[in-house]
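The values are calculated or read from the model by the stated rules, or taken from the named source; none is laboratory data. Remember, it's a predicted structure, so these values are computed and weren't measured experimentally. Virtual Cβ from ideal backbone geometry, glycine too; neighbours counted across all protein chains shown.
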Amino acid sequence: MDYHIQISAPTPDILGEIARLWNGNATARHDFFPWSAALLARLLVPAGNPTGRFLTAHHRPSNALIGFIHCNQLREDGYPRAGVVEAVMVDAPYRRHGVGAALLAAALRTMETFRPRPDIVDALGAWPFGYAFNTLADGSERSGVFMNEPDVYRLFRRAGFEVVRQSRVMRADIRGSRPRPIPPGCGFHIAKRTENTWLDRVFRGRELYDHALSRQNGQLLSRAIFGFMEAESRHQGQAVFSLFGVNTPYDQQRKGYAGINLSRLMEHVRTIGGESIEIHVYADNQPALALYDGLGFATVADTLMLHRRM
Ligand SMILES: CC(C)(COP(=O)(O)OP(=O)(O)OC[C@H]1O[C@@H](n2cnc3c(N)ncnc32)[C@H](O)[C@@H]1OP(=O)(O)O)[C@@H](O)C(=O)NCCC(=O)NCCS
């Protein structure tokens, strides 16, 4: 098969072709994702500035797009020297011809030219559920990597990526959720986020809310972020909200604050029509697993996280 790979600017034309490729290859959960050039631009070209590089594979002689990969430099998560392969997709009729491996090799070569040059590259198999946000003990947030598609996994393994961690997607049915009592002198702050962090952009311009428990003097006791992606989140007929950035300041941990904040968050989400809520968590994050377990979350997917040293 004759094709060539090039670096492509994220013009509306290219983004439109990528959206078409993505939508045409969507399977299972992914068919909740009707991408368009405009949605992709909002995520990948915020304020007119491309967030990374697109490598595209084109069939010869038609020049039709048959595959793409997006690679990026993570700048907003406290790990400035990490790069990420955010998406790789080869159109189904053109698979098994080495296009994915060639795109990945080209992406790694391209990332060598990034400044600062990444020390490590994370592998994300697909955009929609490729992001596993995890708040680390120091309060920073880092995108994890998760993939559970065997073909994508093999592709990355062959390119020298290693499994470094396991991650889980957990979900709770909140229709019967029980709010926990509010400690005396404490209250909640619930407000739409107006920030433009990576998380906010990944959420593709949909509304995200902060939900925080604090003392009346303003001292923060625990916080979390929640949101709903209308088109994407109606899974098996349910309105699934997403939960991110669960975090209790270090000196306030183990006092029940995260449990109180999340039980109230779940109650709030229930009153606005939510039926279940989902979170991604590292499989070795014992405090977080105990917290979610106590709130009725159960594992719905196990995922592998892959990295490659440059
Ligand atoms: C996870 C985290 C938010 C828990 O906050 P917290 O306010 O200490 O949690 P709570 O006091 O409400 O405890 C909730 C449950 O977790 C358990 N737990 C809390 N810390 C724990 C620890 N270090 N080890 C084991 N279990 C722990 C508690 O026993 C409690 O369960 P129980 O009520 O059934 O006894 C906190 O450890 C944190 O901020 N960690 C860093 C950020 C992070 O990893 N966030 C999760 C991202 S997915």
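What number of residues within the range 274-294 satisfy the criterion of being assigned to a loop (DSSP other than H, G, I, E, B), under 15 Å from VAL169 (Cβ atoms) and not polar (S, T, N, Q)?
1
Would you say LEU243 is of a type outside the set (Lys, Arg), under 14 Å from ALA224 (Cβ atoms) and touching a residue at least 12 places away in the same chain (Cβ under 8 Å)?
Numbers: of a type outside the set (Lys, Arg): yes; under 14 Å from ALA224 (Cβ atoms): yes; touching a residue at least 12 places away in the same chain (Cβ under 8 Å): yes.
Considered against the rule, which asks whether it is of a type outside the set (Lys, Arg), under 14 Å from ALA224 (Cβ atoms) and touching a residue at least 12 places away in the same chain (Cβ under 8 Å), LEU243 comes out as yes.
Residue check: is VAL163 within 24 Å of ARG109 (Cα to Cα) and modelled with pLDDT of 75 or more?
So VAL163 passes the test.
So LEU265 fits all but one of (1) farther than 27 Å from LEU40 by Cα; (2) modelled with pLDDT under 95; what number is the exception?
Checking LEU265 against (1) farther than 27 Å from LEU40 by Cα; (2) modelled with pLDDT under 95, the one that fails is (2).
With the requirement that a residue be out of contact with any helix residue (DSSP H, G or I) (no Cβ under 8 Å at 6 or more places or on another chain) and either in a loop (DSSP other than H, G, I, E, B) or under 14 Å from SER222 (Cα atoms) (or both), what does the range 255-273 give you?
LYS255, GLY256, TYR257, ILE260, ASN261, SER263, ARG264, LEU265, ILE272, GLY273
Just for the range 260-279: of the residues that are closer than 23 Å to PRO184 by Cβ and in contact with a Lys or Arg (Cβ under 6 Å, 6 or more places away or on another chain), which one is nearest to the ligand (Cβ to nearest atom)? Steps first, please.
Residues of the range 260-279 closer than 23 Å to PRO184 by Cβ: 260-268.
Among the residues that remain, those that are also in contact with a Lys or Arg (Cβ under 6 Å, 6 or more places away or on another chain) are: 260, 263.
Working: ILE260: 7, SER263: 9 Å.
Among those that are closer than 23 Å to PRO184 by Cβ and in contact with a Lys or Arg (Cβ under 6 Å, 6 or more places away or on another chain), it is ILE260.
Give all pairs with beta carbons closer than 7 Å in which a residue from the range 271-299 that is on the phi > 0 side of the Ramachandran plot meets a residue that is near the ligand (Cβ under 8 Å from one of its atoms) and outside any loop (DSSP other than H, G, I, E, B); count only pairs at least 6 apart in sequence or on separate chains.
none
Could you check the range 280-296 and list, in sequence order, the residues that are over 12 Å from SER177 (Cα atoms) and either within 6 Å of the ligand (Cβ to nearest atom) or assigned by TED's automatic domain parsing to the domain that holds ALA212 (or both)?
Within the range 280-296, the first condition is being over 12 Å from SER177 (Cα atoms), and the residues that meet it are 280-293.
Across the range 280-296, the qualifying residues are VAL281, ASN285, GLN286, PRO287, ALA288, ALA290, LEU291.
Hey, HIS70 hits all of (1) assigned to a strand (DSSP E or B); (2) modelled with pLDDT of 90 or more but one; which does it fall short on?
(2)
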